[in-house]
Amino acid sequence: MCQSRAVTETVLVLGGGGREHAIVRALARSRPAPRVVCAPGNAGMARDAETRAVDAVDAVAVVALARELDAALVVVGPEAPLVAGVADALREAGFATLGPGAGAARLEGSKAFAKDVMAAAGVPTAASRTVTSVADGLAAVDAFGLPVAVKADGLAAGKGVVVAHSRDEAEAALRASIEDRVFGEAGASVVVEEGLTGREVSLLALCSGRVVARFPAARDYKPVGDGNTGPNTGGMGSVSPVPDIPDALADELVDRVHRPVLAELARRGMDFRGVLYAGLMMTPDGARVIEFNVRFGDPETQVLLPRLEQDPLTLMRDAAEGRLADGPVRVNDGAAVAVVMAAHNYPGTPRTGDAIAGLDDAAAAGADVYHAGTRAADDGSIVTAGGRVLAVSARGDSIPDARSRAYAAARLIHFDGAHMRDDIAEGLDT
Ligand code: AMP
Ligand code: GLY
């Protein structure tokens, strides 16, 4: 069906982080540009779009908002609403929605389910056992040897994985999850997995049924400190392309990972319409899946969408409506690098309320400053309101070029307690 876009259409974007800000900015580049409304959004998104104080996981409220807006498309940013079935409720109410239903969202919401799908689909992943007692967990640790990954089965805001280098560390992680329930019910069952070594890569694809439109590879820098030291975070920076994952290899990985998973989901009666994100470890024995996400990555989206050379709204809508063309999406030949500026004490409980200066200077320097944890103070100034505060993203002809632009722009921004890694995309050449 070919629909006219003469009348301004409305897109509803659910979420309020840097990823969603990048989605909003990309949608604004579409022609004709849609009206974009975000729920709940953040202070940066409020500068580029309308925001509404609606909770993204509240399916009834989200459907009511989509009705009020007569939304032509709803883009679900985070995993929580997907796992909660918000995409199902929207589709049942007749709205084109980018994001899988709760059934397929279990690929991210349950590591045990993801393992089951991968086993059935023949997708390469680490050997694992799912356990519900510390004793069974320790038996699995002894069987796999060290290092070993101990993973809470359910959603744990990116904090549910411990890569243990000693039996004591593995035991502590098992006890914390199973006995102390530090992740609540999400950690009642635990996946114990053989430790893998290699470089990590994020391979995201828009998917619609069995059709796959992949993005170029991206890399996310998870530990808080330079040289990958310190605790894991949601992601301190990102880069695309990834020189060690050329396009031909990315195509091969999609054939070995995304396509079989979509086929297995289809066999189980699930029509996946959204983003399938494979987190891969490139081991000496080949690629292994370490996780699936069922949404755009954060901060990968902040480097992938700026490189897109197709109309973003058309692409997302085609995926939501089952018209997606198979094959890689078109991106520019250059590179993009994003540097995350985090709040004091992140990834521990972050301090909030610090005034942010220099946002306009960084934008004037040519960077895309995506807001993540920000809010407008009563006097209209922008203050910190979360752990990851901003992602400063820049494009360039090469990775070193994009990298120096991103850092130059980030250094124009100041807030008390701000910290960033200095080595995002360091040593990568294209
Ligand atoms: P996940 O939340 O599953 O992505 O895991 C968080 C991080 O833990 C990953 O980005 C990896 O760095 C690490 N990790 C996960 N699984 C393994 C594994 N089997 N072996 C080694 N490291 C892992
Ligand atoms: N960059 C990791 C994630 O989006 O989960």
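Only the coordinates and a few stated rules stand behind these numbers; no lab work does. Here the structure is a predicted model, which is why all the values come from computation and not from measurement. As a convention, Cβ positions derive from the backbone with ideal geometry for all residues, glycine included, and neighbour counts pool all protein chains shown.
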Would you kindly give the portion of the calculated P(r) for segment 22-176 that falls above 28 Å, as a percent of all Cα pairs? 40 percent
Just need the relative contact order of the chain here, percent rounded to a whole number, with Cα pairs under 8 Å and 6+ apart. 16 percent
What does the net charge come to around R259 if you take all other residues with beta carbon closer than 13 Å to its beta carbon, with K and R at +1 and D and E at -1? -1
Suppose every Lys and Arg Cβ carries +1 and every Asp and Glu Cβ carries -1, with no other charges. What dipole size does segment 23-116 come out with about its Cα centre, to the nearest 20 debye? 380 debye
Read phi for every residue in segment 219-231 and hand back ³J(HN,Hα) as whole Hz from Karplus 6.51 cos²θ - 1.76 cosθ + 1.60, θ = phi - 60°, with x for Gly and Pro. 10, 10, 9, 7, x, 6, x, 3, x, 6, 10, x, x
Report the percentage of all Cα-Cα pairs in segment 326-430 whose separation exceeds 17 Å, rounded to a whole percent. 54 percent
Amide H contacts under 5 Å for V212, restricted to residues at least 5 apart in sequence or on another chain and with H modeled in the peptide plane, are G327
How large is the helix-only mean residue ellipticity at 222 nm for the chain, computed as the sum of -39500 (n - 2.57) over DSSP H runs with n ≥ 4, divided by its residue count, in deg cm²/dmol to the nearest 500? -8000 deg cm²/dmol
Residue by residue, what Karplus-based ³J(HN,Hα) values in Hz, rounded to whole numbers, does segment 164-176 have, using 6.51, -1.76 and 1.60 with θ = phi - 60° and x for Gly and Pro? 8, 9, 9, 5, 4, 5, 5, 5, 4, 5, 5, 5, 4
How high is the relative contact order of segment 283-430, in percent, counting Cα pairs under 8 Å that sit 6 or more residues apart? 27 percent
Electrostatic dipole magnitude of the chain [Cβ: Lys, Arg +1; Asp, Glu -1; Cα centre; debye, to 20]: 700 debye
Going from the alpha-carbon gyration tensor of segment 348-390, what semi-axes, largest first and in whole Å, does one get by taking the root of 5 times each eigenvalue? 19, 13, 7
Can you pull the Kirkwood radius for segment 94-225, inverse mean 1/r over Cα pairs, to one decimal in Å? 16.2 Å
Scaled to the compact-protein estimate 2.2 N^0.38 Å, what is the alpha-carbon radius of gyration of segment 61-128, rounded to two decimal places? 1.34
In segment 177-217, whose amide N lies under 20 Å from the spot 7 Å out along Cα-to-Cβ of A135? List them in ranges. 177-181, 188-192
HN-Hα J couplings of segment 275-289 from phi, Karplus 6.51/-1.76/1.60, θ = phi - 60°, integer Hz, Gly and Pro as x? 9, 9, 10, 9, x, 10, 10, 8, 8, x, 9, x, 6, 10, 6
When the Cα atoms of segment 256-300 are enclosed in a convex hull and the volume is divided per residue, what value in Å³ results? 77 Å³
From the Cα trace of segment 291-374, what convex hull volume per residue do you get, rounded to a whole Å³? 156 Å³
Normalise the Cα radius of gyration of segment 1-86 by 2.2 N^0.38 Å (N = residues in it) and let me know the number. 1.03
Lys, Arg +1 and Asp, Glu -1 on Cβ, resulting dipole of segment 273-430 about Cα centre, debye, nearest 20: 320 debye
Once the Cα atoms of the chain are picked out, what are the Rg and Dmax in Å? 20.7, 64
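Could you give me D for segment 205-350, from Stokes-Einstein at 4 °C and 1.567 mPa s, where the hydrodynamic radius is the Kirkwood radius over C-alpha pairs? Units µm² s⁻¹, please.
On the way: Rh = 16.3 Å.
Once the numbers are plugged in, D ends up at 80 µm²/s.
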For the chain, with +1 on Lys and Arg beta carbons and -1 on Asp and Glu, the positive-most of A336, G122, A425 along the dipole: G122
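What whole-number volume per residue, in cubic angstrom, does the convex hull of the C-alpha atoms of segment 189-230 give? Each step should come with its number before you reach the end.
On the way: hull volume 6.9 nm³, N = 42.
Cα-based convex hull of segment 189-230, divided per residue, equals 165 Å³.
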What are the principal axis extents of the Cα atoms in segment 143-190, in Å, biggest first? 26, 19, 15
